[in-house]
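Written out below as structure tokens is the structure these notes cover.
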Amino acid sequence: PLEWVEPTEAEQLSRAGAVWLWDQLRRSAQRCGFFLAASGGADSSCVAAITALMAKMLAETARGGHGASAQQHVVCELERIAPNCADVCDAAVLCERLLQVSFMGSDHNSPQTRRRALSVAAELHAHLTVVNIEPAAAAVVRTFVDATGTSPKYGKFGGVHHENNLLSQAHGRLRMLTAYMFATAGPWARGDYGTLLVLGSANSDEHNRGYNDRYDCS
């Protein structure tokens, strides 16, 4: 008999998350993977790592690591979800097919956060897209300036709470719009089919403090 090895709490949590993601994906019609806005920070990196773990666990099962019955089931599901995947037994190839991440940068992002986001995507073998949202954000703010004749400033430049919120929300909502745009047509742009499930990466501490810009990976 095989000796039982108790997984650590971190392993249990990460694997539980990976299994849940797979369950959501296989039950979602016309979905062929996940989209994640990557900021280079801990939250989005953690979500990306759990999704990559999902791909690793699937590849292991597709190779027969968990028995013939599980292998047959997973391979059949992957053929439906990712029919163009070159090798479902290769975790890196599978992750590149199932996880699309995007760094949505603006003038307020540092070169360090960009490098971290790109590094995470490369290490996990996720498909990466880099988007500059600054021109679109500036255009949105310009509509407010043209309508009111006032120019909002960030708090660090003397702006009040409302000005700071306006500018922050412009970037946050544009990231949300961009995320769903890539989730809808990203696979098509890559010559694939279907759409992607959008992953969020907000944490409970931010939510409890009242900071809850959904999908805002700054």
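The values are calculated or read from the model by the stated rules, or taken from the named source; none is laboratory data. Source: prediction; values computed, not measured. No Cβ is skipped: glycine too gets one built from the backbone with ideal geometry, and neighbour counts run over all protein chains shown. The area values use the complete protein model at the heavy-atom level, side chains included, leaving out ligands, DNA and RNA. Shrake-Rupley method; radii C 1.70, N 1.55, O 1.52, S 1.80 Å.
The C-beta contact set for the range 67-81 (first residue under 15 Å from residue 19 (Cβ atoms), second residue surrounded by 10 or more Cβ atoms within 10 Å (Cβ to Cβ) and of a type outside the set (A, V, I, L, M), distance under 6 angstrom, 6+ apart or interchain) comprises 70/61; 74/61; 77/26.
Among all positions in the range 140-158, there is at least one residue which is under 27 Å from the mean Cα position of the chain (by Cα) and within 21 Å of residue 172 (Cα to Cα).
Inspect the range 95-115 for any residue being surrounded by 14 or more Cβ atoms within 10 Å (Cβ to Cβ), among the small types (Gly, Ala, Ser) and more than 22 Å from the chain's Cα centre (by Cα) and give the result as yes or no. Looking through the range 95-115, none of the residues is surrounded by 14 or more Cβ atoms within 10 Å (Cβ to Cβ), among the small types (Gly, Ala, Ser) and more than 22 Å from the chain's Cα centre (by Cα). Evaluated against (1) part of a helix (DSSP H, G or I); (2) under 19 Å from residue 190 (Cα atoms); (3) in contact (Cβ under 8 Å) with a residue 24 or more places away in the chain, residue 54 falls short on exactly one condition, (2). Considering the range 1-24, and only residues there that are assigned to a helix (DSSP H, G or I) and more than 24 Å from residue 76 (Cα to Cα), the residue that is least open to solvent (accessible area, probe 1.4 Å) turns out to be 14.
Applying the criterion of being in a helix (DSSP H, G or I) and touching a helix residue (DSSP H, G or I) at 6+ places or on another chain (Cβ under 6 Å) to the residues of the range 158-201, the residue that is most open to solvent (accessible area, probe 1.4 Å) is 164.
Restricting 62, 70, 82, 37 to those that are open to solvent by 30 Å² or more (accessible area, probe 1.4 Å) and small (Gly, Ala, Ser) reduces the list to 70.
Out of curiosity, is residue 44 buried (at least 20 other Cβ atoms within 10 Å of the Cβ), within 17 Å of the chain's Cα centre (by Cα) and assigned to a loop (DSSP other than H, G, I, E, B)? Judged against the criteria, residue 44 is not a match. Among the numbered conditions (1) surrounded by fewer than 20 Cβ atoms within 10 Å (Cβ to Cβ); (2) farther than 22 Å from residue 84 by Cβ, the only one that residue 27 does not meet is (2).
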